Structure formats: structure tokens, C-alpha cells
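Written out below as C-alpha cells is the structure these notes cover.
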Amino acid sequence: MSTIQDKGRTGYRAFGMPISGVMDRYAFTMANILAGNERDAAVVEMTMCGGRFQFPNEAYVAVCGADMQGTLNGKKIKNWSGFYIPANSELAFGYAVGGCRAYLAFCGGIAVPQAMGSRSTYLRAELGGLEGHALQSEDVLEIARVEELPWKLNELAQSLVPRYTNDLRLRVIMGPQDDLFTEDGIATFLSRAYAVSTRNDRMAYLLEGATIAHKTGADIVSDALCPGAVQIPGSGTPIVMMADCQTTGGYAKIATVIGPDLAKLAQAKAGDKVSFVSCSDAEAVAALIAEKKSYEKAASVSLSKINASV
Amino acid sequence: MQKIRMLKVGEQGLVVEFGTEIDPAVNAQVHRLAKILTDEMPEQIVEVVPTYRSLMVYFDPLLISRESLQDDIARYLAGLETAAAASDTTRIITIPVSYGGEFGPDLEFVAQHNSLTEDEVVAIHTSTPYLVYMIGFTPGFPYLGGMSERIATPRLKTPRVKIPAGAVGIAGKQTGIYPIESPGGWQLIGRTPLTVFDPSAKSPFLFAAGDYLQFAAIKAEEYGALKEQVVSGNYAPVVRNVARTGA
């Protein structure tokens, strides 16, 4: 499945509107930097399998995230790079071989209208993106015109390219309801490896493995829910909430995956292993700053500023 | 007031928990704090989400540390009961509903289940305004409080695949409106011609958490005309500003 996404729709969560937006913000941001865009320009998020895109006009694009074995007019392209596309070309993707989500950014950005302040697609409310639906055959994406397209290959420094693994270690900040779990329950959560189940999508990743014990029960008086929240329902196995998650929920939340690590989970597929490690606020903020520095580094060696606007 | 707790939600979230019960007085505190933080800290706070008995505060940890934010919130909390309560107002929004018939296929069952007539169910359902404790589940879906237990009815055994936007229903002791077409197991007693959620409007949502909804019965014949007014943009919802009760 492919949808148009940007950094998400903030400001309406008090009205029950999920934030949506890209699942892997690192690959998304890098794709925009490599394409010479503003960092939050709308991109195509492709999951598990990519599409075929025909370009009647010349363009400049960047591809980051899962390797979907992209080809330009039959020739292999470099993942984590920006490159020029001549008029009358075909950019084609296949199945993801490492990771599961790839981001295709177009220099200039995708010129779909904003819906409630964002171009992100939220399928359940048929909102944003291309008339609220996932991309399908024959759809036409309009790309904002750019004065002067770049033409040079723009590769991301190897040190900034993440290595996707099938054994993830995610940092979490414990809470908000860790006090509703037994000591054993907490120990189980922080020591056992969980497997990503086949039930994983833009709303949530359901994990399989050792059950986590609540003190009395899994239900709470519903409160707010955000991407990264690790809910433990009555079954005792974790559900990690993702971009399209509901804004409120009624299961106890043992911990929250920190932002920079949630992007890594977005690349995990069924069968991959996940374990959780507790971290402090200071460590989480340091990780945020490190993430920001990676973007600065990529931007400093990237294309000189392009006159791009949507 | 109960002991207020501040809980961590990742590196950019903080929950201010006022209690563990569903209670209008507790909820009023949530909405007061929401307003203060939205007004006073627009830079550092990304957005707030009021729920039954706690306020989620999303903040930018690169602009303010959790410790400073907690200090600021503690200061606002200290003045919350006195200053804010005096000037605290809320809105009562009238929701016209055509009850029964094709719009409320389960009204008959709700009446039978509670040994009432259909008219009695409608009279009870429209007898008092309901507090919007919070909004969640789907965009615009209100969690309402205050419905009489005399019309409480269990959910359908088999949920419907498609419930139209505007459907008004009962599930257990709860009542609510479906803002967008979705599946669901609520007993449908009527439908409002109002648009609860319109993403293209300047204010996309008809009501906010903390408002009250007053259902008002209309005749089935009136539904079409009202709907036309709503669709053509010529309908102004009936809104009354009142002092917040339950504080």
C-alpha cells in the first residue's frame, strides 16, 4: 500500500483526529533533504511493495528507507540518494528486501491540497493525500514546479544510512501506567524478546511473546493515546501504537517508545524480534538532539538550496 | 481535590491526572487546565488532549524540559480552583434529532427493553444536557455523560457494518453520535441532520470536549429541510453560553 504523507496533522487530537503522517520520520526527513525540499514536504510512503511511476516531465526525486529494488528505466537506482529523472521515464519498485517502508520525495513536493493543515492521508476518515485514498493505478500526482531542477546524484553519507535489523532494541520511557503492573510484569516486559505479528499496520503493531502481568486488570478509565504508547490489554502481550492510532484508549500503558526509536519499529516486519530497554528523559532528549544533528549533517552536504515551493 | 499526579508519556508527553473516576467536577478541572495551558504556553506546548479525568500535554522537549513544565503546571494548578472557577463558562449546543422510524431503527427495542413507550424514551433522552467528557474513538466522537439509566440498553449482539454519520445511539449507560460513517454496535434511536465533522470547514468540529449537548426532538418531516439548510451552509447551530456546573 502507498499513501501520501507528511509530518502529520497536529492540533486536532483533542477532537479525536489521529496525527497520522509518516511512520518512519528519519527516512522521510532524509528523503526530503536529498530532494532539496523543505523537511516536511509531502512524500509517497510505500509499504512492503512499491509502485511504478511514469514521469512525462523531467523531475528530481529522492528514495530513502526500505530497499525496494528501485529501477529507473530498467537501471538499478541507489537507495538513500537523490537523482535526476529525464522526461518520459519510468521509476519502478519491487518488494522490500530490507525494512518495509520506503519514501519517495519529489523535488518541489506533491501538490495535493492540505486538509486540516496537513497533506497526510488518513484513510479511516478519507482525509488528506489524494482525495483521502491510497494510491491506485492511473492516479496522477502533480508535482510543484521548480525553477531549476538539480541534476547531480546526491548520496547520503554512509554514516547516516541506518542498518535495518530483524532484532530491534527499542528505548522506552516507563509509564504512564507502569504502576498498574506487577514487578514480574515489568521485568518480563524489559527482559523478553517479542515477535512482530502479522497484525501490524499504520495504526498499531501487535507483538507476540511472554505475557505481562497486571496487578488487577488491564482496563483503565480511557485516557489519551499517542504513537509509541505500549498498551498491554487483557491478553498480556504488547500493542505498540503507531501513526494512525486513535487519540484515546482504555488499556493500561506500561511504557512509551521514544520518538527516534519508533521510526525503527516502522521498518519492522512480521517475525522480526523486538525488545525494550528503559531510558531516562535525558537519554531520550539526547537521542532527539542526535537525530536533529544527523539531519543538519545531511543538509550541509546536500544540494545547495533549491528554489522549491508548493 | 484528590492528589494530582504528573505522569510521563515518552519524551514529549506529560499526563496531569486529577483522579481515577468519571466525575463532572474532575473533568471540569481538566478543561480549565487545558484552557490555561493553551492560552499561556503556546510556544512550548504542541497541543493538549482533555480526557475524562486527565489532561495529556504534548510539549517540545527541545524548548522546555519536563521539570520546568511540571513546575509551571504546578503553579497553574495552585490557582485553578479559585480564579478559573469564577469565570468558567461552557457551551450548550442543541442537537436536533429525528427519533425512531428509519432514522432510529432500534428505538422500539430500547423502549421494550426498559418497559417504556417510544415517546417516553425520547422524553428521557432529551430531558437534560449531556457533558462531552472527551472526544476520541473516531474524529469527533463524543464520550457523553449524564444519560438516565432508565433508558440504558446493551449493545447489539451483532454490530452493524455501516452506521451513517449523524446516527444517535445508546450503548449500555452511554449515549453518543457517530460523526463519520463507521461500523458499530450501538442501539440507534435517531439521527441528527447536523454535520458533526466537516474537514473542509474553518471549524471542522461542531463541538469540543467540555461542551454540553442538548438533544431536541424534531419531526421526521423536518429532517430533510434542516439537512438542506446544513448542507447549503444556511444553518447556524443553537448555542448557549452558561456557567460550568459540576465544579
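Things to note:
- Residue under evaluation A:Lys152, criteria (1) within 30 Å of A:Thr216 (Cα to Cα); (2) outside the structural domain of A:Ala266 (by TED's automatic domain parsing), criterion not met: (1)
- The residues listed here are A:Phe15, A:Phe53; of these, the one that is within 14 Å of chain B (Cβ to nearest Cβ) and over 18 Å from the mean Cα position of the chain (by Cα) is A:Phe15.
- Residues located in region A:100-132, provided they are out of contact with any Cys (no Cβ under 8 Å at 6 or more places or on another chain), within 18 Å of A:Ala144 (Cβ to Cβ) and of a type in the set (A, V, I, L, M, F, W, C): A:Leu104, A:Phe106, A:Cys107, A:Ile110, A:Ala111, A:Val112, A:Ala115, A:Leu130
- Output for region A:210-219, where each listed residue is within 13 Å of another protein chain (Cβ to nearest Cβ) and among the charged types (D, E, K, R): A:Asp219
- Conditions (1) surrounded by fewer than 21 Cβ atoms within 10 Å (Cβ to Cβ); (2) in a strand (DSSP E or B): number failed by B:Ile95: (1)
- For region B:153-170, the set of residues classified as out of contact with any Pro (no Cβ under 8 Å at 6 or more places or on another chain), closer than 21 Å to B:Thr192 by Cβ and in a loop (DSSP other than H, G, I, E, B) consists of B:Arg155, B:Leu156, B:Pro164, listed by residue number.
- When region A:139-185 is filtered for residues that are buried (at least 20 other Cβ atoms within 10 Å of the Cβ) and touching a His at 6+ places or on another chain (Cβ under 7 Å), the ones remaining, listed by number, are A:Phe181, A:Gly185.
- Checklist (1) in contact (Cβ under 8 Å) with a residue 12 or more places away in the chain; (2) assigned to a loop (DSSP other than H, G, I, E, B) applied to B:Ala236, failing item: (1)
- Exactly one residue out of B:Lys3, B:Lys35, B:Lys8 is farther than 27 Å from B:Arg240 by Cα and either under 23 Å from the mean Cα position of the chain (by Cα) or exposed (fewer than 15 other Cβ atoms within 10 Å of the Cβ) (or both): that is B:Lys3.
- Any chance A:Val221 is surrounded by 21 or more Cβ atoms within 10 Å (Cβ to Cβ) and either closer than 25 Å to A:Phe15 by Cα or not assigned by TED's automatic domain parsing to the domain that holds A:Met46 (or both): no
- Out of B:Thr90, B:Thr51, sole residue that is closer than 30 Å to B:Lys227 by Cα and hydroxyl-bearing (Ser, Thr, Tyr): B:Thr90
- Filtered residues of region A:217-232 (kept if outside any strand (DSSP E or B) and modelled with pLDDT of 95 or more): A:Leu225, A:Cys226, A:Pro227, A:Gly228, A:Ile232
- Total residues in region A:25-49, condition part of a loop (DSSP other than H, G, I, E, B) and surrounded by fewer than 23 Cβ atoms within 10 Å (Cβ to Cβ): 4
- Enumeration of residues in region B:187-198 that are without any contact (Cβ under 8 Å) to a residue 60 or more places away in the chain and either within 11 Å of chain A (Cβ to nearest Cβ) or crowded, with 22+ Cβ neighbours inside 10 Å (or both): B:Val196, B:Phe197, B:Asp198
- Taken as a whole, the condition of being more than 19 Å from the chain's Cα centre (by Cα), more than 13 Å from chain A (Cβ to nearest Cβ) and hydroxyl-bearing (Ser, Thr, Tyr) does not apply to B:Tyr212.
- Residue, nearest to B:Val49 (Cα to Cα), within region A:227-283, restricted to residues that are away from chain B (no Cβ under 14 Å), free of Cβ contacts under 8 Å to residues at least 60 places away in the same chain and surrounded by fewer than 22 Cβ atoms within 10 Å (Cβ to Cβ): A:Pro233
- Hits in region B:137-172 (condition: within 14 Å of another protein chain (Cβ to nearest Cβ) and either among the basic types (Lys, Arg) or touching a residue at least 40 places away in the same chain (Cβ under 8 Å) (or both)): B:Thr138, B:Pro139, B:Gly140, B:Pro142, B:Tyr143, B:Leu144, B:Gly145, B:Lys162
So that you can scan it fast, the table gives a plain yes or no per residue for (1) closer than 19 Å to A:Ala66 by Cα; (2) within 14 Å of chain B (Cβ to nearest Cβ):
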position	(1), (2)
A:Ala157	yes, no
A:Met174	no, yes
A:Ser191	no, no
A:Tyr194	no, no
A:Asp201	yes, no
A:Glu208	no, no
A:Val221	no, yes
A:Ala224	no, yes
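- Test set (1) more than 24 Å from A:Ala115 (Cα to Cα); (2) within 14 Å of chain A (Cβ to nearest Cβ) - B:Ala217 fails condition number: (2)
The values are calculated or read from the model by the stated rules, or taken from the named source; none is laboratory data. Since the model is a prediction, treat every value here as computed from it, not as a measurement. With ideal geometry, Cβ positions are generated from the backbone for all residues, glycine too; neighbour counts draw on all protein chains shown.
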